[in-house]
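The values are calculated or read from the model by the stated rules, or taken from the named source; none is laboratory data. This structure is a prediction, so every number in the text was calculated from the model and none was measured. Using ideal geometry, Cβ is built from the backbone for each residue, glycine included, and neighbour counts are taken over all protein chains shown. Heavy atoms of the whole protein, side chains included, go into the accessibility calculation; ligands, DNA and RNA do not. Shrake-Rupley method; radii C 1.70, N 1.55, O 1.52, S 1.80 Å.
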Amino acid sequence: MIKVGIIGSGFIGPAHLEALRRLGDVEVVALCDSTLDAAQQKARALNVPHAYDSVAALLAHPGLQVVHNCTPNHLHAAINRQILQAGKHVFSEKPLCMTGEEARELVQLAEQAGVVHGVSFVYRQFAMVQQAASMRRAGSVGSIFSAHGSYLQDWMLLETDYNWRVDAKQGGASRTVADIGSHWCDTIQFVTGKQIVEVMADLSIVWPTRKASVTGAATFNQDSGNARYEDRPVSTEDMGSILFRFEDGSKGCFHVSQVSAGRKNRLNFEINGSACSLAWDQEIPQHLWVGQRSQPNQLLSDDPGLMNADVAASAHFPGGHIEGWPDAFKNMLGQFYQAVREGRKPVRSDTFASFYDGANVMYLIEAIVKSHQQQRWVRVEP
Ligand code: SOE
(Lines give C-alpha, C1' and ligand atoms only; values in the text may rest on other atoms or scores of the structure.)
Protein backbone atom coordinates (compact mmCIF):
# COMPACT_ATOMS: atom_id res chain seq x y z
CA MET A 1 0.00 0.00 0.00
CA ILE A 2 1.16 3.56 -0.76
CA LYS A 3 1.04 5.59 2.46
CA VAL A 4 -0.49 9.05 2.19
CA GLY A 5 -1.09 12.05 4.45
CA ILE A 6 -3.64 14.81 3.88
CA ILE A 7 -3.12 18.35 5.20
CA GLY A 8 -6.41 20.26 5.61
CA SER A 9 -9.78 18.65 6.10
CA GLY A 10 -12.31 21.35 5.10
CA PHE A 11 -14.48 21.06 1.96
CA ILE A 12 -11.93 19.44 -0.35
CA GLY A 13 -9.76 17.19 1.92
CA PRO A 14 -12.54 14.58 2.31
CA ALA A 15 -13.06 14.58 -1.50
CA HIS A 16 -9.38 13.61 -1.91
CA LEU A 17 -9.79 10.91 0.75
CA GLU A 18 -12.82 9.36 -0.93
CA ALA A 19 -11.14 9.28 -4.37
CA LEU A 20 -7.95 7.80 -2.86
CA ARG A 21 -9.92 5.00 -1.20
CA ARG A 22 -11.38 4.09 -4.59
CA LEU A 23 -7.88 3.51 -6.02
CA GLY A 24 -7.37 0.35 -3.99
CA ASP A 25 -3.63 0.38 -3.24
CA VAL A 26 -3.44 3.74 -1.46
CA GLU A 27 -3.89 4.12 2.29
CA VAL A 28 -4.50 7.49 3.94
CA VAL A 29 -2.66 7.00 7.22
CA ALA A 30 -2.76 10.53 8.68
CA LEU A 31 -4.61 13.84 8.63
CA CYS A 32 -3.27 17.23 9.67
CA ASP A 33 -5.33 20.27 10.67
CA SER A 34 -4.71 23.59 12.42
CA THR A 35 -5.53 22.23 15.90
CA LEU A 36 -5.05 18.72 17.29
CA ASP A 37 -8.66 18.65 18.39
CA ALA A 38 -9.96 19.44 14.88
CA ALA A 39 -7.54 16.92 13.32
CA GLN A 40 -8.54 14.15 15.75
CA GLN A 41 -12.26 14.78 15.30
CA LYS A 42 -11.94 14.67 11.50
CA ALA A 43 -9.65 11.62 11.60
CA ARG A 44 -12.20 9.76 13.77
CA ALA A 45 -15.13 10.78 11.56
CA LEU A 46 -13.27 9.73 8.39
CA ASN A 47 -11.69 6.61 9.87
CA VAL A 48 -8.07 7.73 9.45
CA PRO A 49 -5.71 6.23 12.07
CA HIS A 50 -3.40 9.20 12.88
CA ALA A 51 -3.92 12.94 13.47
CA TYR A 52 -1.41 15.83 13.64
CA ASP A 53 -1.55 19.58 14.21
CA SER A 54 1.74 20.41 12.48
CA VAL A 55 3.00 19.79 8.95
CA ALA A 56 6.45 18.85 10.27
CA ALA A 57 4.94 16.15 12.52
CA LEU A 58 2.86 14.73 9.66
CA LEU A 59 5.91 14.67 7.35
CA ALA A 60 7.81 12.67 9.99
CA HIS A 61 5.13 9.94 10.01
CA PRO A 62 6.92 6.61 9.38
CA GLY A 63 6.80 5.39 5.78
CA LEU A 64 4.81 8.35 4.43
CA GLN A 65 5.30 8.58 0.63
CA VAL A 66 2.79 11.12 -0.66
CA VAL A 67 1.24 14.27 0.82
CA HIS A 68 -1.89 16.08 -0.37
CA ASN A 69 -2.03 19.81 0.32
CA CYS A 70 -5.73 20.66 0.84
CA THR A 71 -5.27 23.88 2.82
CA PRO A 72 -6.62 27.40 2.01
CA ASN A 73 -4.81 29.21 -0.82
CA HIS A 74 -2.47 31.40 1.28
CA LEU A 75 -0.85 28.28 2.78
CA HIS A 76 -0.30 26.41 -0.51
CA ALA A 77 3.18 27.76 -1.34
CA ALA A 78 4.78 27.35 2.10
CA ILE A 79 3.36 23.85 2.61
CA ASN A 80 4.21 22.67 -0.92
CA ARG A 81 7.75 23.91 -0.28
CA GLN A 82 7.92 22.00 3.02
CA ILE A 83 6.63 18.78 1.43
CA LEU A 84 9.20 19.01 -1.39
CA GLN A 85 12.02 19.73 1.04
CA ALA A 86 11.04 16.54 2.89
CA GLY A 87 11.41 14.65 -0.42
CA LYS A 88 7.78 13.43 -0.56
CA HIS A 89 5.60 13.20 -3.66
CA VAL A 90 3.15 16.11 -3.53
CA PHE A 91 -0.38 16.64 -4.77
CA SER A 92 -1.53 20.25 -4.28
CA GLU A 93 -4.93 21.86 -4.40
CA LYS A 94 -5.17 24.71 -6.86
CA PRO A 95 -4.03 27.45 -7.14
CA LEU A 96 -0.50 26.11 -6.77
CA CYS A 97 0.48 29.27 -4.83
CA MET A 98 -0.34 33.00 -4.77
CA THR A 99 2.20 34.57 -7.17
CA GLY A 100 4.14 33.79 -10.34
CA GLU A 101 7.38 34.15 -8.45
CA GLU A 102 6.37 31.43 -5.97
CA ALA A 103 5.28 29.27 -8.92
CA ARG A 104 8.73 29.52 -10.54
CA GLU A 105 10.40 28.59 -7.27
CA LEU A 106 8.09 25.61 -6.68
CA VAL A 107 8.69 24.20 -10.17
CA GLN A 108 12.43 24.42 -9.56
CA LEU A 109 12.15 22.79 -6.13
CA ALA A 110 9.97 20.00 -7.53
CA GLU A 111 12.52 19.28 -10.28
CA GLN A 112 15.37 19.25 -7.74
CA ALA A 113 13.43 16.95 -5.38
CA GLY A 114 12.87 14.49 -8.23
CA VAL A 115 9.40 13.59 -6.93
CA VAL A 116 6.01 13.23 -8.63
CA HIS A 117 4.04 16.50 -8.43
CA GLY A 118 0.40 17.16 -9.25
CA VAL A 119 -2.18 19.96 -9.08
CA SER A 120 -5.91 19.45 -8.74
CA PHE A 121 -7.16 20.51 -12.16
CA VAL A 122 -9.92 17.96 -12.33
CA TYR A 123 -12.07 19.05 -15.27
CA ARG A 124 -9.69 17.75 -17.95
CA GLN A 125 -10.27 14.28 -16.46
CA PHE A 126 -13.98 13.97 -17.36
CA ALA A 127 -14.47 11.23 -19.95
CA MET A 128 -16.00 13.55 -22.54
CA VAL A 129 -13.28 16.19 -22.08
CA GLN A 130 -10.74 13.42 -22.67
CA GLN A 131 -12.75 12.45 -25.77
CA ALA A 132 -12.67 16.06 -27.05
CA ALA A 133 -8.88 16.19 -26.58
CA SER A 134 -8.49 12.81 -28.29
CA MET A 135 -10.60 13.97 -31.28
CA ARG A 136 -8.44 17.08 -31.55
CA ARG A 137 -5.23 14.97 -31.40
CA ALA A 138 -6.59 12.67 -34.11
CA GLY A 139 -7.25 15.69 -36.38
CA SER A 140 -11.08 15.21 -36.34
CA VAL A 141 -11.69 18.86 -35.42
CA GLY A 142 -9.43 20.20 -38.16
CA SER A 143 -7.59 23.44 -37.52
CA ILE A 144 -9.00 25.18 -34.43
CA PHE A 145 -9.50 28.92 -34.92
CA SER A 146 -11.63 29.77 -31.88
CA ALA A 147 -12.34 28.64 -28.29
CA HIS A 148 -14.89 30.20 -25.95
CA GLY A 149 -17.09 29.53 -22.96
CA SER A 150 -17.72 30.38 -19.35
CA TYR A 151 -17.52 29.14 -15.79
CA LEU A 152 -20.53 30.29 -13.76
CA GLN A 153 -21.51 29.71 -10.12
CA ASP A 154 -24.01 31.41 -7.78
CA TRP A 155 -22.67 30.70 -4.29
CA MET A 156 -21.37 34.31 -3.90
CA LEU A 157 -24.57 35.98 -5.18
CA LEU A 158 -25.87 37.38 -1.87
CA GLU A 159 -24.34 40.18 0.16
CA THR A 160 -24.16 37.75 3.11
CA ASP A 161 -22.11 35.19 1.15
CA TYR A 162 -18.66 35.36 2.72
CA ASN A 163 -15.80 32.95 3.48
CA TRP A 164 -12.00 32.96 3.55
CA ARG A 165 -11.80 33.04 -0.25
CA VAL A 166 -13.14 36.64 -0.31
CA ASP A 167 -10.25 37.94 1.80
CA ALA A 168 -7.27 38.69 -0.49
CA LYS A 169 -4.82 37.81 2.30
CA GLN A 170 -6.15 34.24 2.47
CA GLY A 171 -7.55 33.68 -1.02
CA GLY A 172 -5.16 35.78 -3.12
CA ALA A 173 -5.45 39.04 -5.10
CA SER A 174 -7.80 37.33 -7.57
CA ARG A 175 -10.83 35.27 -6.44
CA THR A 176 -13.14 34.26 -9.28
CA VAL A 177 -10.43 34.11 -11.95
CA ALA A 178 -8.03 32.20 -9.66
CA ASP A 179 -10.70 29.91 -8.22
CA ILE A 180 -12.63 28.90 -11.34
CA GLY A 181 -11.07 30.76 -14.29
CA SER A 182 -7.96 28.71 -13.51
CA HIS A 183 -9.95 25.51 -14.18
CA TRP A 184 -11.38 26.91 -17.42
CA CYS A 185 -7.89 27.83 -18.70
CA ASP A 186 -6.38 24.46 -17.78
CA THR A 187 -9.28 22.63 -19.46
CA ILE A 188 -9.20 24.64 -22.70
CA GLN A 189 -5.41 24.42 -23.01
CA PHE A 190 -5.62 20.66 -22.46
CA VAL A 191 -8.40 20.17 -25.04
CA THR A 192 -6.88 22.41 -27.74
CA GLY A 193 -3.27 21.48 -26.99
CA LYS A 194 -2.40 25.20 -27.24
CA GLN A 195 -1.08 27.71 -24.72
CA ILE A 196 -2.76 31.07 -24.06
CA VAL A 197 -0.05 33.72 -24.51
CA GLU A 198 -1.91 37.06 -24.32
CA VAL A 199 -4.95 38.29 -22.41
CA MET A 200 -7.23 41.34 -22.15
CA ALA A 201 -9.43 41.33 -19.05
CA ASP A 202 -12.26 43.34 -17.54
CA LEU A 203 -13.09 42.28 -13.95
CA SER A 204 -15.93 43.47 -11.69
CA ILE A 205 -16.87 43.50 -8.04
CA VAL A 206 -20.64 43.29 -7.51
CA TRP A 207 -20.47 43.65 -3.71
CA PRO A 208 -17.73 46.17 -2.70
CA THR A 209 -18.70 45.40 0.91
CA ARG A 210 -20.00 42.03 2.10
CA LYS A 211 -21.64 40.97 5.34
CA ALA A 212 -19.45 38.32 6.98
CA SER A 213 -20.93 35.96 9.56
CA VAL A 214 -19.05 36.59 12.80
CA THR A 215 -19.33 32.87 13.56
CA GLY A 216 -17.37 32.03 10.38
CA ALA A 217 -18.49 30.19 7.24
CA ALA A 218 -17.15 27.52 4.92
CA THR A 219 -17.16 27.37 1.11
CA PHE A 220 -20.66 26.73 -0.33
CA ASN A 221 -22.23 27.48 3.12
CA GLN A 222 -25.96 28.13 3.35
CA ASP A 223 -27.26 30.98 5.51
CA SER A 224 -28.75 29.48 8.70
CA GLY A 225 -31.08 32.47 9.24
CA ASN A 226 -29.81 33.30 12.75
CA ALA A 227 -26.29 34.45 11.86
CA ARG A 228 -24.81 37.79 13.05
CA TYR A 229 -22.82 39.79 10.52
CA GLU A 230 -20.14 42.47 10.24
CA ASP A 231 -19.37 44.55 7.14
CA ARG A 232 -16.08 43.74 5.38
CA PRO A 233 -14.63 45.53 2.33
CA VAL A 234 -14.07 43.32 -0.74
CA SER A 235 -11.12 43.75 -3.12
CA THR A 236 -11.47 40.47 -5.09
CA GLU A 237 -13.57 40.15 -8.26
CA ASP A 238 -17.02 38.52 -8.40
CA MET A 239 -16.97 38.20 -12.21
CA GLY A 240 -14.87 38.95 -15.26
CA SER A 241 -14.63 38.74 -19.06
CA ILE A 242 -11.36 37.77 -20.70
CA LEU A 243 -10.29 37.91 -24.35
CA PHE A 244 -7.25 35.80 -25.19
CA ARG A 245 -4.86 34.77 -27.96
CA PHE A 246 -3.26 31.36 -28.34
CA GLU A 247 0.38 30.89 -29.32
CA ASP A 248 -0.56 30.20 -32.97
CA GLY A 249 -2.62 33.40 -33.31
CA SER A 250 -6.03 31.70 -32.93
CA LYS A 251 -8.33 33.42 -30.45
CA GLY A 252 -10.97 33.05 -27.79
CA CYS A 253 -12.80 34.47 -24.81
CA PHE A 254 -14.42 33.35 -21.56
CA HIS A 255 -16.57 34.76 -18.81
CA VAL A 256 -16.32 33.78 -15.13
CA SER A 257 -18.81 34.60 -12.41
CA GLN A 258 -19.68 33.49 -8.89
CA VAL A 259 -22.83 35.64 -8.88
CA SER A 260 -24.91 34.00 -11.68
CA ALA A 261 -28.18 32.90 -10.04
CA GLY A 262 -29.07 29.32 -10.89
CA ARG A 263 -25.65 28.35 -12.20
CA LYS A 264 -24.08 26.03 -9.62
CA ASN A 265 -20.87 24.81 -11.22
CA ARG A 266 -21.31 25.39 -14.92
CA LEU A 267 -18.00 25.14 -16.71
CA ASN A 268 -18.71 25.06 -20.41
CA PHE A 269 -16.57 25.42 -23.50
CA GLU A 270 -16.90 25.29 -27.27
CA ILE A 271 -14.13 24.99 -29.80
CA ASN A 272 -14.63 25.79 -33.48
CA GLY A 273 -12.42 24.04 -36.01
CA SER A 274 -12.33 23.74 -39.79
CA ALA A 275 -13.84 20.21 -39.66
CA CYS A 276 -16.34 20.49 -36.77
CA SER A 277 -17.15 22.19 -33.46
CA LEU A 278 -17.13 20.51 -30.04
CA ALA A 279 -19.02 21.71 -26.95
CA TRP A 280 -19.22 20.42 -23.37
CA ASP A 281 -21.00 21.47 -20.17
CA GLN A 282 -19.85 20.15 -16.76
CA GLU A 283 -23.45 20.02 -15.46
CA ILE A 284 -24.39 17.48 -18.18
CA PRO A 285 -20.95 15.84 -18.32
CA GLN A 286 -21.90 12.70 -20.21
CA HIS A 287 -22.59 14.62 -23.43
CA LEU A 288 -20.18 15.95 -26.01
CA TRP A 289 -21.87 18.00 -28.75
CA VAL A 290 -20.35 17.65 -32.19
CA GLY A 291 -21.44 20.48 -34.49
CA GLN A 292 -21.27 19.92 -38.26
CA ARG A 293 -21.87 22.08 -41.30
CA SER A 294 -22.90 19.48 -43.88
CA GLN A 295 -24.58 16.76 -41.86
CA PRO A 296 -26.79 16.57 -38.74
CA ASN A 297 -25.11 17.52 -35.46
CA GLN A 298 -24.29 14.67 -33.07
CA LEU A 299 -24.58 14.19 -29.31
CA LEU A 300 -21.95 11.68 -28.25
CA SER A 301 -22.39 10.09 -24.82
CA ASP A 302 -19.76 8.62 -22.51
CA ASP A 303 -20.20 5.03 -23.63
CA PRO A 304 -16.70 3.46 -23.67
CA GLY A 305 -17.77 1.53 -26.78
CA LEU A 306 -18.41 4.77 -28.69
CA MET A 307 -15.37 6.69 -27.46
CA ASN A 308 -11.92 6.88 -29.06
CA ALA A 309 -9.88 3.84 -27.98
CA ASP A 310 -7.05 5.88 -26.41
CA VAL A 311 -9.43 7.50 -23.86
CA ALA A 312 -12.20 4.89 -23.47
CA ALA A 313 -10.77 3.85 -20.07
CA SER A 314 -11.70 7.24 -18.61
CA ALA A 315 -15.36 6.08 -18.62
CA HIS A 316 -15.78 3.16 -16.23
CA PHE A 317 -19.35 1.99 -16.82
CA PRO A 318 -21.46 1.19 -19.86
CA GLY A 319 -23.25 4.17 -21.51
CA GLY A 320 -26.16 5.64 -19.55
CA HIS A 321 -24.56 4.97 -16.15
CA ILE A 322 -23.82 8.64 -15.57
CA GLU A 323 -20.37 9.49 -14.23
CA GLY A 324 -19.47 12.91 -12.85
CA TRP A 325 -17.21 15.00 -10.68
CA PRO A 326 -16.12 12.31 -8.15
CA ASP A 327 -15.29 9.99 -11.06
CA ALA A 328 -13.20 12.64 -12.80
CA PHE A 329 -11.46 13.21 -9.45
CA LYS A 330 -10.70 9.50 -9.26
CA ASN A 331 -9.35 9.57 -12.85
CA MET A 332 -7.06 12.48 -11.93
CA LEU A 333 -5.62 10.75 -8.86
CA GLY A 334 -5.46 7.44 -10.75
CA GLN A 335 -3.09 9.04 -13.27
CA PHE A 336 -1.01 10.76 -10.58
CA TYR A 337 -0.62 7.51 -8.58
CA GLN A 338 0.29 5.57 -11.70
CA ALA A 339 3.28 7.94 -11.97
CA VAL A 340 4.03 7.40 -8.25
CA ARG A 341 3.97 3.59 -8.72
CA GLU A 342 6.31 3.85 -11.72
CA GLY A 343 8.53 6.49 -10.04
CA ARG A 344 7.99 8.56 -13.20
CA LYS A 345 8.50 12.34 -12.89
CA PRO A 346 5.85 14.40 -14.73
CA VAL A 347 6.65 15.96 -18.11
CA ARG A 348 5.37 19.35 -19.26
CA SER A 349 2.35 18.00 -21.16
CA ASP A 350 1.36 15.10 -18.94
CA THR A 351 -2.08 13.49 -18.73
CA PHE A 352 -2.58 14.85 -15.19
CA ALA A 353 -1.90 18.49 -14.30
CA SER A 354 1.53 18.83 -12.69
CA PHE A 355 3.32 21.78 -11.06
CA TYR A 356 4.22 22.83 -14.63
CA ASP A 357 0.52 23.34 -15.37
CA GLY A 358 -0.17 24.84 -11.93
CA ALA A 359 2.62 27.37 -12.53
CA ASN A 360 1.45 28.12 -16.07
CA VAL A 361 -2.03 28.98 -14.75
CA MET A 362 -0.46 31.24 -12.07
CA TYR A 363 1.32 33.21 -14.82
CA LEU A 364 -2.00 33.46 -16.65
CA ILE A 365 -3.84 34.73 -13.54
CA GLU A 366 -1.15 37.35 -12.95
CA ALA A 367 -1.44 38.52 -16.56
CA ILE A 368 -5.25 38.70 -16.29
CA VAL A 369 -5.11 40.80 -13.10
CA LYS A 370 -2.44 43.09 -14.62
CA SER A 371 -4.47 43.45 -17.82
CA HIS A 372 -7.54 44.50 -15.84
CA GLN A 373 -5.54 46.97 -13.72
CA GLN A 374 -3.84 48.53 -16.74
CA GLN A 375 -6.81 48.08 -19.13
CA ARG A 376 -4.65 46.71 -21.95
CA TRP A 377 -3.48 43.46 -23.59
CA VAL A 378 -0.81 41.72 -21.47
CA ARG A 379 1.57 38.90 -22.45
CA VAL A 380 1.68 35.84 -20.16
CA GLU A 381 5.21 35.78 -18.68
CA PRO A 382 6.45 32.27 -17.80
C1 SOE B 1 -15.38 26.86 -5.18
O2 SOE B 1 -15.58 27.90 -6.10
C3 SOE B 1 -14.97 25.61 -5.89
O4 SOE B 1 -15.05 24.62 -4.94
C5 SOE B 1 -13.56 25.63 -6.42
O6 SOE B 1 -12.62 25.94 -5.42
C7 SOE B 1 -13.29 24.31 -7.09
O8 SOE B 1 -11.98 24.23 -7.52
C9 SOE B 1 -14.30 24.11 -8.22
O10 SOE B 1 -14.11 22.85 -8.75
C11 SOE B 1 -15.70 24.20 -7.70
O12 SOE B 1 -15.88 25.36 -6.96
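Considering only alpha-carbon pairs that sit under 8 angstrom and 6 or more positions apart, the relative contact order computed for the chain is 20 percent.
Straight-line reach from LYS211: taking Cα to Cα under 19 Å and skipping same-chain neighbours fewer than 8 places apart, the lysines in range are LYS169.
Adding -39500 (n - 2.57) for every DSSP H run of four residues or longer, then dividing by how many residues the chain holds, sets the calculated 222 nm ellipticity at -9500 deg cm²/dmol.
Give me the net charge for the shell around TRP377: Cβ to Cβ below 10 angstrom, other residues only, Lys and Arg +1, Asp and Glu -1. In short, +2.
Tell me the Kirkwood hydrodynamic radius of the chain in angstroms, computed as one over the mean inverse distance between distinct C-alpha pairs. Mind showing how you got there, number by number?
Details: mean 1/r = 0.0466 Å⁻¹.
21.5 Å is the Kirkwood radius here.
Other residues within the sphere of radius under 14 Å centred on the Cβ of LYS42, judged by their own Cβ, net out at -3 (K and R +1, D and E -1). From most to least packed by mean Cβ count within 10 Å, the peptides 298-309, 281-292 give 281-292, 298-309.
How much net charge surrounds LEU64 when only other residues with a Cβ under 13 Å from its Cβ are counted (Lys, Arg +1; Asp, Glu -1)?
Details: positive: LYS3, LYS88; negative: GLU27.
Spelling it out: positives minus negatives among the neighbours equals +1.
DSSP bridge analysis restricted to the range 82-235 gives an antiparallel fraction near 60%, rounded to the nearest 5.
Toward the positive end of the charge dipole of the range 2-119, with +1 on the Cβ of Lys and Arg and -1 on the Cβ of Asp and Glu, the farthest Cα among ALA86, LEU20, LEU36 is that of LEU20.
How high is the relative contact order of the range 2-119, in percent, with contacts defined as C-alpha pairs under 8 Å that are six or more residues apart? RCO, the range 2-119: 23 percent.
Using a probe of 1.4 angstrom and keeping all protein chains present, the accessible surface of the range 2-119 works out to 39 square angstrom per residue. Here the chain carries DSSP beta bridges of which approximately 60% are antiparallel, counting only pairs with both residues inside.
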